[in-house]
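Input: a single structure, listed below in structure tokens.
What follows is calculated from the coordinates using simple rules that are stated; it is not laboratory data. The structure presented is a predicted model; accordingly, all values stated were derived computationally and were not measured. Every residue, glycine among them, receives a Cβ derived from its backbone with ideal geometry; neighbour counts consider all protein chains shown.
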Amino acid sequence: MSKTVVLMGSPRLQSNTDMLANSVIEGIRSAGSANDTIEKFDLVELQDCVCIACGHCRQAGECIHFPQVTEVLNKIKEADGLVIATPTWWLAPSSQLKIFMDHWGTFLKMDYSSRIEGKKAVLVSCCGNPDLNFANKVNKQLEEILNLLGVKVVASLGVKGVVEVGAIARDQESLDAARELGKKLYR
Ligand SMILES: Cc1cc2nc3c(=O)[nH]c(=O)nc-3n(C[C@H](O)[C@H](O)[C@H](O)COP(=O)(O)O)c2cc1C
């Protein structure tokens, strides 16, 4: 039985990121068992929870200002695996994902060891540029951060050339690749 947390970083309805995340979820389900749990969090709901750098999280292992953030952080602590899905915003993850990640000090103990070491992750990012795959760049940034926390990124997918809402629906190849990504999470 596996527990997976999915972080979805686009604020748009019917977003490309959300559709890609759903394909990853399909892949996890298809390779898993009936007892597996997958919880998806739409990070737009936490976008007002901006880190104020009080520094308490490292010691406390929680965010003392935003209990709703701590709730999701605790879900990650309890999970076996993580799916992170984000659009590319200026060669970086979306603000919504970044605002949530700024609370990851919670995962880092005072001695810089990790509270989430040993978990697995898959990453999926998309970008509008049809030629330059900035989404791969975003995945690399995320992988570096996750490695610092002892989380192993087992696979990632960067999709380029999707600009408007729902454009990914015309890119079955990328949706299929996202499904395959999901299958790899616990393989
Ligand atoms: C604030 C902002 C910044 C963006 N920056 C980039 C970028 O640096 N490179 C790029 O190729 N696309 C960029 N885009 C385009 C998005 O990555 C693209 O539209 C993506 O499909 C959005 O995903 P979504 O539908 O899941 O929200 C940007 C979009 C926004 C709103």
Within the range 136-162, backbone nitrogen closer than 20 Å to the virtual label 7 Å beyond the Cα of residue 117 toward Cβ: 143-154
Which of 146, 8, 25, positive extreme of dipole for the range 3-184 (C-beta unit charges): 146
Cα gyration tensor shape of the range 76-128, rounded if a/c is under 1.5, else prolate or oblate by comparing a/b with b/c: oblate
Order of 179, 187 under a 10 Å beta carbon neighbour criterion, fewest first: 187, 179
Computed over the chain: relative contact order in percent, which uses C-alpha pairs under 8 Å that are six or more apart: 29 percent
Dipole magnitude (debye, nearest 20) for the chain, charges at Cβ of Lys, Arg, Asp, Glu: 420 debye
Exposure rule at most 11 other beta-carbon atoms within 10 Å, DSSP loop chymotrypsin sites (Phe, Trp or Tyr not before Pro): the chain longest free segment: 1-89
Added length on full extension, which subtracts the Cα-Cα distance from 0.36 nm per residue, residue 3 to residue 132: 43.0 nm
Whole-Å distance, taken between Cα centres, linking the range 25-48 and the range 135-187: 15 Å
Computed [θ] at 222 nm, deg cm²/dmol, the chain (DSSP H ≥ 4; -39,500 (n - 2.57); rounded to nearest 500): -11000 deg cm²/dmol
Over 26 Å between alpha carbons, listed pairs 77/160; 152/183; 109/137; 98/119; 77/183: 77/160; 109/137
Histogram of C-alpha separations across the chain, 5 Å bin width, %: 1, 9, 17, 21, 21, 16, 9, 4, 1, 0
Highest to lowest packing among 120-128, 31-39, scored as the average C-beta count within 10 Å: 120-128, 31-39
Lys, Arg +1 and Asp, Glu -1 on Cβ, resulting dipole of the range 2-62 about Cα centre, debye, nearest 20: 160 debye
